[in-house]
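To start, the structure under review is shown below, and the notes come after it.
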Amino acid sequence: MLKDITLGQYFPADSVVHRLDPRTKLVLLIMYIVAVFIVKDIWVFGLVLGFMLFMTAMSKVPLNYVLKAIKPMRLLLPLMFLLNLFMIRTGDTIVSWRFITITTGGVRQALFIVLRLIALVTGASLLTLTTTPVSLTEGLERLLSPLKIIKFPAHELAMMMTIALRFIPTLLEEADKIMKAQLARGADLESGNIFKRAKAMLPILIPLFVNSFRRAEELALAMESRCYHGGEGRTRLKVLKFGWRDLWAILIMAALIAAVVILQSNLDIDGYIIGLLRPLWTRSA
Amino acid sequence: MPIVIEKLTYTYQSGSVNAFTALKDIDLTIKDGEFVGLIGHTGSGKSTLIQQLNGLMQPTSGRVIVDGYDMSDKKQRAKGRSLVGMVFQYPDYQLFDETVYKDISFGPRNMKLDNDEIDRRVREAMRLVGLDFDEFAEKSPFELSGGEKRRTALAGIIAMYPKYLVLDEPMAGLDPAGRRAVLEMIDGFRSQLGCAVVMVSHSMDDIARSAEKVVVLRDGRIFTCGTPQEIFSLADELYEMGLEPPFAARMASDLRRRGLLLPHGIYTNEALAAALAEYKGGRGNA
Ligand SMILES: Nc1ncnc2c1ncn2[C@@H]1O[C@H](COP(=O)(O)OP(=O)(O)OP(=O)(O)O)[C@@H](O)[C@H]1O
Ligand SMILES: [Mg+2]
């Protein structure tokens, strides 16, 4: 059950997306997030999602791998949708029955929230699926390195991320083993109310923490005994190179943002469609 | 009633690209009170097999029946599981409570025993594993040495009075005195509690000393199964698998090659010593 988590898992394949410089991919992700947030028109959102599908196809990662990232949100998404649907009261009223009121603004907002979350999570998971943790953190370190002038610990941050990513599978595996050891002693993790269950987790959490602290200490010792002393003067085995491919990728992404801005400032497709549908609710109301 | 394993097959991550069949077509019976040694090369599926015994893993196909309880049924599993005590290789996965006493009583408490019974069992378990009650009961399990942690972990299982005690490499990482102590402890519970023991070990000498039945796994299948005498006479096959017969068996076969007429089927140091003494006696008389 712990194995469901795909975020942070690398999917090995040989594709243009895999070969992009990790810095480029990080910048692309940031630009993509900007695009997701400036979209104000549901129909323009199709463009962003289309771009996402296009990137997925280019990356040769099976679509269901990318979509798996949504699975942990399968409760959150419907909840967000319903909350927005019922709480937001702007625009025309579509349904008004006792205490339930649904408005065009509510429908739009609800759709938006869900689409945005899906777009963000799948975008981020595409990045981790196509980039090894090592090159990802290296990219991050290089992107942040100009900030070293103001004493920002870019190298340390990247190293911390590398280590954290490296140990996620180890931790999951260990949690699994501990769970088995306690189940074998008759631990009951499934019944009782929420407080009982939280308390029942203690026999699993305590060994997990104790072992993690011990491992952290051992890792620190092992690193120091191999003369690790931070980022200063450290050289790279593989030097990152920014190529034409990277330039093209960024230009395409810039074009997407431009298209979004231009489309929604010149056309009001949502308004038009709402206008078309208006007779539906004005008559019934 | 025994533990019966029928046609068991287990596949890790079945259905995915990484699917790996770790156990194939296993048929095995563990009788009451029996001492079964489980050996096999690294990755042969030993740990996977013993985790099927108390339903921590569900077979991909086949069945595991513990004393008549079918372990694939959720309700029966809980009953079957309470009969099988499982000791994992690393005590660090198990110890969690504030004191050794509380940690050992975790299992019995989950069994909903009354306090007097729990107290009695904890004391008994500590005595059996050789932990002095006054010295250790109130200590934190995290400030113990490796060997003491292992004893505490063992005591935590023993206090549940399992009918089957399953141990995954219980002696890994212990010094010779520690190994001997653990083996003696296991023999001790066996005679006192009358439980059956299934022990995974890479040390043939330890298996030779205690086991009544030896099961050899190879690439997820049962390669052979029999008395230690039968198994350890298959020296060549064991070598080929990356295993090694016990020291006494190797020595006896070397001596035979040198022309000493020792009987076959020697696999413990005691038997070898006896055979050599007899040999010397025989030659002296001649
Ligand atoms: N979680 C898992 N996912 C996939 N394969 C696994 C998993 N755990 C174990 N395996 C594989 O199953 C096989 C059997 O593993 P198992 O741990 O049972 O071996 P073992 O006989 O206990 O070995 P050892 O002597 O090293 O402890 C191994 O080849 C291993 O790679
Ligand atoms: Mg093992």
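Brief remarks on what is shown
- Check on B:Ser16, loosely packed, with under 14 Cβ neighbours inside 10 Å, small (Gly, Ala, Ser) and over 16 Å from B:Arg77 (Cα atoms): yes
- Residue within region B:48-60 that is more than 8 Å from ligand 1 (Cβ to nearest atom) and more than 14 Å from chain A (Cβ to nearest Cβ) present: yes
- Any hit, region A:124-140, residues being under 30 Å from A:Asp270 (Cα atoms) and surrounded by 18 or more Cβ atoms within 10 Å (Cβ to Cβ): yes
- Selection from region B:16-69 of residues that are away from ligand 2 (no atom under 16 Å from the Cβ), at pLDDT 90 or above and hydrophobic (A, V, I, L, M, F, W, C): B:Leu28, B:Ile30, B:Phe35, B:Val64, B:Ile65, B:Val66
- Flag for B:Val166 being within 14 Å of chain A (Cβ to nearest Cβ) and among the hydrophobic types (A, V, I, L, M, F, W, C): yes
- Residue list for region A:141-167, restricted to those being in contact (Cβ under 8 Å) with a residue 60 or more places away in the chain and within 20 Å of A:Ala69 (Cβ to Cβ): A:Leu165
- Screening A:Pro203 with (1) more than 10 Å from chain B (Cβ to nearest Cβ); (2) closer than 24 Å to B:Val84 by Cβ gives one miss only, at (1).
- Counting only helices (runs of 4 or more DSSP H) wholly contained in region A:24-121, the ones carrying 1 or more residues that are of a type in the set (Gly, Ala, Ser) occupy A:42-59.
- Qualifying position, being surrounded by 22 or more Cβ atoms within 10 Å (Cβ to Cβ) and either away from ligand 1 (no atom under 16 Å from the Cβ) or more than 14 Å from every other protein chain (Cβ to nearest Cβ) (or both), among B:Ala153, B:Ala137, B:Ala181: B:Ala153
- Condition met for B:Ile222 (within 16 Å of ligand 1 (Cβ to nearest atom) and surrounded by 15 or more Cβ atoms within 10 Å (Cβ to Cβ)): yes
- Selection of helices (runs of 4 or more DSSP H) fully inside region B:185-286 by the criterion of at least 1 residues being of a type in the set (Ser, Thr, Tyr) and free of Cβ contacts under 8 Å to residues at least 12 places away in the same chain returns B:235-240.
The values are calculated or read from the model by the stated rules, or taken from the named source; none is laboratory data. For clarity, every value in this text was computed on a predicted model and none was experimentally measured. Neighbour counts run over all protein chains shown; Cβ positions are idealised from the backbone, glycine included.
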